[in-house]
Amino acid sequence: MPDKPDRNAIEVVNVSKIFGSGEGQVAALDKVSVSIRENEFFTLLGPSGCGKTTLLRLIAGFDFPTAGEILLYGQDIAPLPPFKRPVNTVFQSYALFPHMTVADNIGFGLEMLGKPRAEIKARVAEMLKLVKMEALAGRRTGQISGGQQQRVALARALAPQPKVLLLDEPLSALDYKLRKEMQIELKRLQHETGITFIFVTHDQEEALTMSDRIAVMSSGKILQVGSPWDIYDKPAERFVADFIGETNFLTAAISGVGSGKARATLKSGTTIEATVAEGFQPKDNATVVVRPEHAKLTKDKGDLSGTVENIVYFGTDTHIHVHLDSGEAFTVRQQNTRSAGCGFERGDKVGIIVGNDAAQVLRD
Amino acid sequence: MASNFSIKHQPGFTAIAATCFIVLYLPIFVLVVYAFNAASSTSEWGGFSLKWFQSAYQNTQVIDATLRSFQIGAIAAVLSTIFATMAALATTRTASYPGLTFKYAAINQPLMVPEIVTGVALLIFFSRIKIFTGYSGIGYLVAAHTAFCIPFAYLPIRARLENMDLTLERAAADLYATPWKTFRRITLPLLWPGILAGLMLAFVISLDDVVITEFVKSGGQDTLPTYMLGQIRRGITPEINAISTAFLLLSVAIVTLFFFVSRKRD
């Protein structure tokens with residue numbers, strides 16, 4: 001990782017985008033504020049319709065905010081048309097120009113900027129090398145595969161050396177294996193070019209593996225911004241915990257809140273230590289989340305007790321669904337070994353040990 | 001037998017299809033054959049000859065009318081294609097708004113209004129202008145042809161624009177292309193097959209027109225179709241067949257070209 005100074009490349013300040021008018025008004029973005037640091041791989045993550053693509057379009061200039069400012073290194077770019085913003089986009093459909101060659105596509109931005117021919121040629125060659133497409137420079141874009149088109153789209157957007165690169169679900173059209181390859185490729189390109197990447201995806205796994213920081217969005221709002229680790233292990237809200245990975249929700253009585261920690265008394269009567277989400281307002285009952293892989297199943301007494309309801313084999317691990325005596329559901333993920341089964345059977349009376357550092361209290 | 005039922009093979013359909021084709025093409029076939037008749041009859045065969053083609057070629061009135069047809073057709077096709085391109089851009093590169101459907105209808109109006117009505121209307125309208133300006137040149141025919149060619153040029157251009165991925169223009173703008181450069185470098189090259197198709201269609205439609213031309217033309221402004229109509233009134237020789245055959249060849253050539261151009265993808 002290149003070192004990351006605290007300079008902000010993009011600052012989104014109180015941006016709202018309202019579509020329609022009167023009764024049919026829909027707020028695609030509702031007073032969103034977020035800062036994206038220079039050189040970081042920043043991901044906007046959320047289900048379709050959450051506003052992530054709208055925010056990207058506002059930064060690119062394809063749409064204009066109803067209210068608020070978008071600052072690029074301190075300058076408000078919100079009213080500028082797209083061709084006046086030093087920001088380039090990789091489109092979901094790639095949007096390569098079908099009547100031009102690969103090389104002409106890559107050189108298009110530089111040509112429009114009025115760069116001298118020699119400089120364009122050198123830069124195109126450099127870009128072709130960067131995305132390993134030298135051999136296909138003279139091809140029409142219809143004559144290359146989807147993965148290759150993806151690389152050309154990247155090279156085309158990177159060639160003018162934008163201050164920020166916007167990527168709108170660029171991997172969604174690729175098959176699984178190619179997608180995995182391109183994830184690594186994108187990280188490499190970001191590292192080599194040092195350009196700030198803003199990546200939009202609905203794929204939580206993609207977001208976790210690639211991002212420096214993630215903003216989780218829902219219904220036009222940013223719910224939480226943090227490192228993948230923060231987002232996964234310390235979700236602030238139910239939506240975030242639910243959207244990213246699988247998790248167990250338990251109701252607990254909260255006491256002794258202080259310095260980011262609290263004591264949670266579960267319905268079974270056991271009290272465990274838990275971390276507390278930022279912005280948690282002290283109240284008697286709150287939701288506690290425990291990831292399936294952070295709990296352990298035992299045949300003895302645990303922190304929780306219940307009956308095994310179902311066992312699902314996943315190859316690398318097994319998910320054991322337990323019906324708790326309190327009436328709640330709980331899933332434990334257990335790593336598989338070759339030698340034996342998971343050691344439990346449907347109908348078994350079991351205990352669940354929630355680890356010391358496994359529980360997080362949500363703010364809602 | 002239910003198991004043998006096929007929607008594609010129904011008894012009698014072959015006969016119906018064959019009848020349709022015969023009714024359509026037999027008269028044309030006969031017309032073409034008699035263009036090569038050595039006798040001066042359009043119904044009695046007197047041996048093979050190219051003399052009617054030669055006579056048509058040497059007939060200054062025919063050549064005159066043909067050149068006028070081409071001239072009007074070419075100018076009207078270019079003008080109507082320019083208008084149609086602008087209209088197509090304006091009606092596709094916009095969000096839907098109340099009144100858009102009405103605009104479609106207005107642009108396509110010449111397809112729906114009977115030609116005779118347009119012809120009479122133009123006759124009255126242009127005669128007033130003639131009195132007012134004193135101008136009685138070919139401009140009236142060009143204007144009339146341009147007007148009724150617009151919807152024909154508009155249709156293939158609009159179809160092409162509607163199939164074009166809007167993201168391409170967005171991508172160009174994202175890569176620092178101003179709206180004009182985006183149009184020049186992205187929209188226009190991708191639209192080109194549609195424009196060519198529109199141009200050729202407009203040319204053929206103009207070349208073929210009788211009704212409106214008959215009403216609008218002044219003396220000595222015969223186009224090939226109106227000249228032929230005038231000749232037929234005076235009795236037919238195979239010369240008419242020969243002109244028709246040449247005309248047919250030209251139309252077929254242009255329509256074939258149109259087919260290949262409009263079928264071309266990207």
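The values are calculated or read from the model by the stated rules, or taken from the named source; none is laboratory data. Because the structure is predicted, anything quoted here is derived from the model rather than measured. A quick note on method: Cβ atoms are made from the backbone with ideal geometry, for glycine too, and the neighbour counts reach across all protein chains shown.
Select from region B:174-207 the residues that are facing chain A (nearest Cβ under 8 Å) and in contact (Cβ under 8 Å) with a residue 60 or more places away in the chain and list them in ascending order.
Scanning region B:174-207 gives a single hit, B:L190.
Out of all the residues in region B:47-71, which are closer than 13 Å to B:Q231 by Cβ and of a type in the set (A, V, I, L, M)?
B:A56, B:V62, B:A65
From the list B:A143, B:A171, B:A159, B:A147, pick out the single residue that is within 14 Å of chain A (Cβ to nearest Cβ), of a type in the set (A, V, I, L, M, F, W, C) and part of a helix (DSSP H, G or I).
B:A171
Name the residue, out of A:V225, A:V200, A:V216, A:V257, that is in a strand (DSSP E or B) and in the same structural domain as A:L304 (by TED's automatic domain parsing).
Just one listed residue meets the conditions, A:V257.
Can you find a residue that is of a type outside the set (K, R) and crowded, with 23+ Cβ neighbours inside 10 Å anywhere in region A:180-191?
Yes, the conditions are met somewhere in region A:180-191.
Any idea which residue in region A:44-59 is surrounded by the most Cβ atoms within 10 Å (Cβ to Cβ), counting only those that are assigned to a helix (DSSP H, G or I) and aliphatic (A, V, I, L, M)?
Here the answer is A:L55.
Can you spot a residue in region B:207-222 that is at pLDDT 90 or above, assigned to a helix (DSSP H, G or I) and in contact with a Lys or Arg (Cβ under 9 Å, 6 or more places away or on another chain)?
Looking for residues that are at pLDDT 90 or above, assigned to a helix (DSSP H, G or I) and in contact with a Lys or Arg (Cβ under 9 Å, 6 or more places away or on another chain), one finds none in region B:207-222, hence no.
Restricting to region B:165-182, and then to whatever is buried (at least 19 other Cβ atoms within 10 Å of the Cβ) and either of a type in the set (D, E, K, R) or within 33 Å of the chain's Cα centre (by Cα) (or both), can you tell me which residue is farthest from B:L89 (Cα to Cα)?
B:D174
Among the candidates A:L71, A:L128, A:L110, A:L45, single out the residue that is of a type in the set (A, V, I, L, M, F, W, C), away from chain B (no Cβ under 14 Å) and farther than 22 Å from A:V200 by Cα.
Unique residue meeting the criteria: A:L128.
When only residues in region A:87-102 that are at the interface with chain B (Cβ under 7 Å from one of its Cβ atoms) and of a type outside the set (A, V, I, L, M) count, which is farthest from the chain's Cα centre (by Cα)?
Filtering first and then ranking leaves A:H99.
Which residue is surrounded by the fewest Cβ atoms within 10 Å (Cβ to Cβ), if the candidates are limited to region B:213-244 and must be closer than 16 Å to B:A65 by Cα and of a type in the set (V, I, T)?
B:I232
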